[in-house]
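Engineer: One structure follows; several queries about it will come next.
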Amino acid sequence: MPISQPSFKPGQTTIIGAATSLITNLPLTLAETEYSHALQANLKQLLIKARGNSTLKITFVATESGTKYFTISRGNTLVLDGLSFASETLYIRSTAAGETAEILELY
């Protein structure tokens, strides 16, 4: 049975259709340094945000987080929904040292 998407309001995140979750607080100790995070198999939804005030740069290809990346501006959360990853690695860097990437995986 398909799940209908609810209407979204600014600042609101709705999590649907996942049985298990994993929260990771990934330390990004050095600025502009690539860190990796192995995502859970059978991932359905992924949420990523910076705990502090820096911008995050993410990609799924090693060594590209400094050249070909998606930006998560400070104060924003990236929500990727409807995923079907068998296994994947997230590569992430921060514009500032001492940042923490908050990663929520639903699978």
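Engineer: With respect to SER84, is the statement that it is surrounded by fewer than 18 Cβ atoms within 10 Å (Cβ to Cβ), out of contact with any Gly (no Cβ under 8 Å at 6 or more places or on another chain) and modelled with pLDDT under 90 true?
Structural biologist: yes
Engineer: Tell me which of these GLU64 doesn't satisfy, since it passes every other one: (1) in a loop (DSSP other than H, G, I, E, B); (2) modelled with pLDDT of 95 or more; (3) charged (D, E, K, R).
Structural biologist: Evaluating GLU64 over (1) in a loop (DSSP other than H, G, I, E, B); (2) modelled with pLDDT of 95 or more; (3) charged (D, E, K, R) leaves (2) as the failure.
Engineer: May I pose another question? If I ask for residues that are surrounded by fewer than 14 Cβ atoms within 10 Å (Cβ to Cβ) and in contact with a Lys or Arg (Cβ under 8 Å, 6 or more places away or on another chain), which ones from the range 53-69 would you list?
Structural biologist: Within the range 53-69, ASN53, VAL61, GLY66 meet the criteria.
Engineer: May I ask you to verify whether LEU26 is in contact with a His (Cβ under 8 Å, 6 or more places away or on another chain) and of a type in the set (A, V, I, L, M)? First the steps, then the outcome.
Structural biologist: Details: in contact with a His (Cβ under 8 Å, 6 or more places away or on another chain): yes; of a type in the set (A, V, I, L, M): yes.
Yes.
The values are calculated or read from the model by the stated rules, or taken from the named source; none is laboratory data. Quantities reported herein were computed from a predicted structural model and do not represent experimental measurements. Virtual Cβ from ideal backbone geometry, glycine too; neighbours counted across all protein chains shown.
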